[in-house]
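**Q** Before anything else, here's the structure in question.
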Amino acid sequence: MSQNAQITAPVFTAFAGHVATALDALVAAGHVPAELNRASVTIEPPRDPSHGDLATNAAMVLAKGAGTNPRALAGLLVAELEKLPQVAGAEIAGPGFINLRLTPGTWVEEIRTIAALAGDYGKSAIGGGTVVNVEYVSANPTGPMHMGHCRGAVVGDALAQLLEYAGHKVIREYYVNDAGAQVQVLARSVHIRYREALGHDVGAIPEGLYPGDYLVPVGEALAREFGDRYATAPESEWLALFRTRAVADMLVMIRDDLALLGIKHDLFSSEAELQAAGKPEEAEAWLRAQDLVYDGELEAPKGKLPDDWEPVELPLFRSTKFGDDQDRPIKKSDGSWTYFGADLAYHYQKAQSADALVDIWGADHAGTVKRIKAAVAAMTGAAKGPNGGKETPFEVKLVQMVQLLRDGEPVKMSKRSGNFVTLREVVEEVGKEVVRFTMLTRKPEAMMDFDFAKVVEASKDNPVFYVQYAHARICSTLRKGAEEGFAPNPQSIDLLGAEELALVRQAAQFPRLVEAAAVAREPHRIAFFLHDLAAAFHAYWNVGNDRPDKRFIVSDNEAVSGARLFLGAQIGQVIRNGLALLGVAAVEEM
């Protein structure tokens, strides 16, 4: 057994424990108080790799509470950490950072850790089983999914998967906006298709209605069921019925479209049902009790007033108290709820079954973030609120639109939808894996171009191909090794040198990155990591092109070949784990 065999956790996790143990020793020796808050202590790679393998800020963040200076505390910590057999050297940098150099055997042991944990390598318990509600997509149920919904859908779904992998329980929720004017428009559009199915001459679809062919089957089904009963009937007789049927059919279509991307929600919450249950009134009562809703008049619009403008008293949320430029109505003049008012109630309801809330919104909703976060904080923080006075953490992640291009030119609209390109059309052309990975190759707040030609291009400039090719290359190498009589051999990995162990150092970032990405609610960090790991693998592979002794399979050296094949298998495992978090299957050949 090697001197590092006691390492059973990934190296960054293990050293977080070692630093904690070192601090415990300093507490026992009376050097630092026991009550120090260690929450800000981190274990990370140094910014400059030449400074070592790991760095900790422990002395920097704890010195003040310990009543000493950072370098003095760092000296005490270094003395403890140097006792570890995995530490080849420790030094104090700058004002008090500690850089650690690990023995080669530590990284050899990390390869065994990856193999032992396999699909669980990178999995974390930092979530502690807390429940996070992630609400994403939530498009109006008026038609098929289009590419305007795609990016938020993928970001939300990948985030949900990431949070589960990091130890949270996750509720994946879709908020069905079935109480607004758009579903009334949908019902009227379906009525035209219903009459069309009965043989009526409906002419061109009127402006303002939905023209897409996807409503034809809905109209045909209604014609089969009701005959001409509602063909010339007044709207009041059929509007509610057609709205209900149309929304139900659209939700079936939406679920089918999302399934193409491997997306399945746990819960579809209806805005109409929310309002019928009196939830908005309940939310208003909470806000009034805290003097955050009052009856008042909206400020007059700036500039020239419209001829029909007149002041109206409405229930207003005190959003100016939270930085907004004016207080916002939660009801309209006709007594119906504003979108903001209904949204308050929806979030109040969600907070009753979750410890934290995350919404994925389009960037065009940026203006409403501050006021909804303020209202949620007020409602959930109420002494008699859903968390008994403990404010429910709530984050909104904004996602920019995606511009569709074909060879650099904007893509024309779809005939099926009438005015947009459907998600189904895109997935059927380039594939689920390409769509999902591409949506995560940039930060969600950055604009994105999706060029049909480039996302399937077999080029190192295409991150989807670059990462998948690394995995396929590993699988191909393992197959070739088997054909030549070589197998991965964990018993000989002590033969690996510095260049091979540099790959392990890169792969070992994965568990730490999973935790950081989960805390920041940023699944795109996993895609960035995979690209860096693929780059490191391809770079090592290319060394073998010029130096046969550095290839994975060295025909006259079975022990080295076995060691490198074992290493390659574990790099492939980490790539698979990362891709699985993104909802992307790893390919074995290309």
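The values are calculated or read from the model by the stated rules, or taken from the named source; none is laboratory data. Remember, it's a predicted structure, so these values are computed and weren't measured experimentally. Note: ideal-geometry Cβ built from the backbone for every residue, glycine included; neighbour counts use all protein chains shown.
**Q** Considering each residue of segment 24-49, count those that are at pLDDT 90 or above, under 28 Å from ALA507 (Cβ atoms) and not acidic (Asp, Glu), and give that number.
**A** Residues that pass the stated criteria total 8.
**Q** Out of (1) within 29 Å of the chain's Cα centre (by Cα); (2) touching a residue at least 24 places away in the same chain (Cβ under 8 Å); (3) not in a helix (DSSP H, G or I), the odd one out for LEU36 is which?
**A** LEU36 satisfies all of (1) within 29 Å of the chain's Cα centre (by Cα); (2) touching a residue at least 24 places away in the same chain (Cβ under 8 Å); (3) not in a helix (DSSP H, G or I) except (1).
**Q** Here's something else I'd like to know. Return yes when ALA498 is within 25 Å of PRO10 (Cβ to Cβ), modelled with pLDDT under 95 and surrounded by fewer than 20 Cβ atoms within 10 Å (Cβ to Cβ) and no when it is not.
**A** yes
**Q** Still on this structure, I have one more. Go through the residues of segment 247-257 one by one and say whether even a single one is in contact with a Ser or Thr (Cβ under 7 Å, 6 or more places away or on another chain), touching a residue at least 60 places away in the same chain (Cβ under 8 Å) and within 19 Å of THR142 (Cα to Cα).
**A** yes
**Q** Give me the pairs, please: first residue somewhere in segment 464-479 and touching a residue at least 60 places away in the same chain (Cβ under 8 Å), second residue anywhere and buried (at least 22 other Cβ atoms within 10 Å of the Cβ) and charged (D, E, K, R), beta-carbon distance under 9 Å, and either six or more positions apart or on two chains.
**A** So the pair list comes out as THR477/ARG564.
**Q** Can we say ALA5 is within 24 Å of ALA498 (Cβ to Cβ), exposed (fewer than 14 other Cβ atoms within 10 Å of the Cβ) and at pLDDT below 95?
**A** yes
**Q** Got at least one residue in segment 296-305 being closer than 25 Å to GLN182 by Cα and free of Cβ contacts under 8 Å to residues at least 24 places away in the same chain?
**A** no
**Q** Let me ask something else about it. Quick one: in segment 544-561, of everything that is acidic (Asp, Glu) and either surrounded by 15 or more Cβ atoms within 10 Å (Cβ to Cβ) or more than 41 Å from the chain's Cα centre (by Cα) (or both), which residue is modelled with the highest pLDDT?
**A** GLU558
**Q** Out of everything in segment 255-300 that is in contact with a Pro (Cβ under 7 Å, 6 or more places away or on another chain) and assigned to a helix (DSSP H, G or I), what residue ends up being nearest to GLY583 (Cα to Cα)?
**A** ASP257
**Q** Hey, among ALA534, ALA539, which residue is more than 20 Å from ARG112 (Cβ to Cβ), buried (at least 22 other Cβ atoms within 10 Å of the Cβ) and not aromatic (Phe, Trp, Tyr)?
**A** Only one candidate passes the filter, namely ALA534.
**Q** Can I ask one more? Does THR106 qualify as being buried (at least 19 other Cβ atoms within 10 Å of the Cβ), among the β-branched types (Val, Ile, Thr) and outside any helix (DSSP H, G or I)?
**A** no
**Q** Which one of these is over 41 Å from the mean Cα position of the chain (by Cα) and either in a helix (DSSP H, G or I) or crowded, with 19+ Cβ neighbours inside 10 Å (or both): ALA248, ALA223?
**A** Only one candidate passes the filter, namely ALA223.
**Q** Give all pairs with beta carbons closer than 6 Å in which a residue from segment 94-120 that is without any contact (Cβ under 8 Å) to a residue 40 or more places away in the chain meets a residue that is small (Gly, Ala, Ser); count only pairs at least 6 apart in sequence or on separate chains.
**A** Listed pairs, sorted by first residue: GLY96/ALA59; GLY96/ALA74.
**Q** Let me ask something additional. So the check is Cβ under 8 Å with 6+ separation or different chains; which pairs have a first residue in segment 142-156 that's modelled with pLDDT under 90 and of a type in the set (Phe, Trp, Tyr) and a second one that's surrounded by fewer than 24 Cβ atoms within 10 Å (Cβ to Cβ) and part of a helix (DSSP H, G or I)?
**A** Every condition considered, no pair remains.
**Q** Report yes if ILE171 is β-branched (Val, Ile, Thr), surrounded by 17 or more Cβ atoms within 10 Å (Cβ to Cβ) and assigned to a helix (DSSP H, G or I), otherwise no. Please lay out each step first, then the result.
**A** Values: β-branched (Val, Ile, Thr): yes; surrounded by 17 or more Cβ atoms within 10 Å (Cβ to Cβ): yes; assigned to a helix (DSSP H, G or I): no.
Spelling it out, it is not the case that ILE171 is β-branched (Val, Ile, Thr), surrounded by 17 or more Cβ atoms within 10 Å (Cβ to Cβ) and assigned to a helix (DSSP H, G or I).
**Q** Counting just the residues of segment 378-397 that are among the hydrophobic types (A, V, I, L, M, F, W, C) and modelled with pLDDT under 60, which one comes out nearest to the chain's Cα centre (by Cα)?
**A** Residue satisfying both the conditions and the ranking: ALA382.
**Q** Of the residues ALA79, ALA74, ALA118, ALA90, only one is under 38 Å from the mean Cα position of the chain (by Cα) and surrounded by fewer than 15 Cβ atoms within 10 Å (Cβ to Cβ); which?
**A** None of the others qualify; the one that does is ALA118.
**Q** Output the helices (runs of 4 or more DSSP H) that fall wholly within segment 406-491 and possess 3 or more residues being touching a Phe, Trp or Tyr at 6+ places or on another chain (Cβ under 9 Å), buried (at least 19 other Cβ atoms within 10 Å of the Cβ) and at pLDDT 95 or above, or say none. Please lay out each step first, then the result.
**A** Numbers: elements: 423-430, 432-439, 463-483.
Result: 432-439, 463-483.
**Q** Moving to a separate point now. Quickly run through segment 125-145 and pick out the residues that are in a strand (DSSP E or B) and surrounded by 22 or more Cβ atoms within 10 Å (Cβ to Cβ).
**A** VAL132, ASN133, VAL134, GLU135
**Q** Separate question: Cβ-Cβ distance below 8 Å, separation of 6 or more or different chains: which pairs start in segment 42-69 with a residue that is of a type in the set (Ser, Thr, Tyr) and end on one that is in a helix (DSSP H, G or I)?
**A** THR56/PHE15; THR56/VAL19; THR56/LEU77
**Q** Suppose the filter is over 42 Å from the mean Cα position of the chain (by Cα), without any contact (Cβ under 8 Å) to a residue 40 or more places away in the chain and more than 30 Å from GLN352 (Cα to Cα); does GLU237 pass it?
**A** Details: over 42 Å from the mean Cα position of the chain (by Cα): yes; without any contact (Cβ under 8 Å) to a residue 40 or more places away in the chain: yes; more than 30 Å from GLN352 (Cα to Cα): yes.
The answer is yes for GLU237.
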